Amino acid sequence: MKPSKDIIFALATQKGKSGIAVFRISGKGSHKLVKSISSKKKFKTKLTSLNNILDGKNIVDQTLTTFFKSPKSYTGEDMVEISCHGSISVINKITKTLLKKQMRLAEPGEFTKRALMNDKLSVLEAETIIDLVNAETENQRKIAISNLSGSLDKFINEVSNKLKKLLADIEAIIDFADEDLPKEIYKNITEQKKNIIKKIENILKKSSLSSQIYNGFTITIIGKPNTGKSSFINYINNKEVSIVTNIPGTTIDLVTSTLDILDDKYTFVDTAGIRKYKNLIEKIGIERSLESAEKSDLNLVFLKNNEKKNYSEIKSKIFVKSKYDTNKKKINGAHSISSVSGYGIEKLLKTISIQLKKKPISGPVFSRERHIESLNNALILLKGLDLKEIDISAENVRRSIMYIDGIYQKFDIEKILDIIFSDFCIGK
């Protein structure tokens, strides 16, 4: 697959009123076209210049314009970045001016796709960039930036080389079957296999932990009506997410809100109060509450009195006694909080974080489904190796190498690129 010869452009910043906005332009001939709409005609590469963008003889905006020469640019092509004022009218006018010059709007992720095709990035680095762009929490950012340093490529290369050494030793047995081979060769093959399996299993374990950091933790809030569940949701969101009244049964459906708390992503689910229902709607709401509790990573059980025994079947729970501002009576084993004054809430959030958080993840981790699938496929083949069937063993190691190398190599590139770049934003 060859990179497109079109000159592409896109707004690399969010469209909306702001101090500045940035346009990116890439492709052979992009320098000439940008100069044709510039008051300045000579630019030094990688040196930002004050410049007017023109529409005919009329000034559109005063900009800071930077030229990048192939191959020393993000895409590996000639590129230009234009920093303009961030008003909607300026953005729209520059867009129209660029379209007049027969440039086309970039597709999602097309700049990074060109960087990949021009060998400025590996497949894994391209995928890591989108993880970094989409990072919502500090821990998501830490994983993405660690992976962007090349640790994933290094891991794949190490495993691939170990598999190739294993294959060479297995093929030696096939090629010299009629000769007396050192007995150690069988022992070495077995040891190599065990080490590779352990290496893959370790990273799969870490990767499964990282998936929770990317997907976040779900916490369901359950309890009787009027125990402070909705007030708690509103307090931690600093806005009214759930309706709060003294009338029992105000919340009849699941209400969710997602927050970054202590560097991790948490989705809180406010539910219908657990009570004797009076109609079908209340019954359905209570059933959904219990279903959510079953699926959650953790449940906050809000108590009115000491009715803990009523929730014995609720898994992974923390008991909470709210309304401390009006009733200071505490319940043994329950966190006392107030959603009016904020009393005890910070302590409760820290307890939630400690209970759900695993050990810090360091080193490379894989977060994408295709990575995990390839690693698991290679693992299955390796675990099934039987040196009594030496020809089959050699073929299975070859297939394992194909699965491992397929994670970062560009074969079957059309399908892989469509998957990778479908989630990218315009301008990246």
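The values are calculated or read from the model by the stated rules, or taken from the named source; none is laboratory data. This structure is a prediction, so every number in the text was calculated from the model and none was measured. When we count neighbours, we look across all protein chains shown, and the Cβ atoms used for this are built from the backbone with ideal geometry, even at glycine.
Observations
- Test for I243: is it within 18 Å of F268 (Cα to Cα) and modelled with pLDDT under 80: yes
- Any hit, segment 90-106, residues being surrounded by fewer than 17 Cβ atoms within 10 Å (Cβ to Cβ), touching a residue at least 40 places away in the same chain (Cβ under 8 Å), part of a loop (DSSP other than H, G, I, E, B) and in contact with a helix residue (DSSP H, G or I) (Cβ under 6 Å, 6 or more places away or on another chain): yes
- Selection status of E127, of a type in the set (D, E) and buried (at least 21 other Cβ atoms within 10 Å of the Cβ): yes
- Against the numbered list (1) in contact with a Leu (Cβ under 7 Å, 6 or more places away or on another chain); (2) aliphatic (A, V, I, L, M); (3) closer than 27 Å to E125 by Cα, L11 comes up short only at (1).
- Residues that are in contact (Cβ under 8 Å) with a residue 24 or more places away in the chain, closer than 19 Å to I88 by Cβ and not acidic (D, E), drawn from segment 37-70: I53, V60
- Filtering segment 110-141 to residues that are of a type outside the set (A, V, I, L, M, F, W, C), more than 26 Å from K17 (Cβ to Cβ) and assigned to a loop (DSSP other than H, G, I, E, B) leaves N118, D119, K120, S122, T137.
- Yes/no for L375 being surrounded by 15 or more Cβ atoms within 10 Å (Cβ to Cβ), at pLDDT 85 or above, at negative phi and under 23 Å from the mean Cα position of the chain (by Cα): yes
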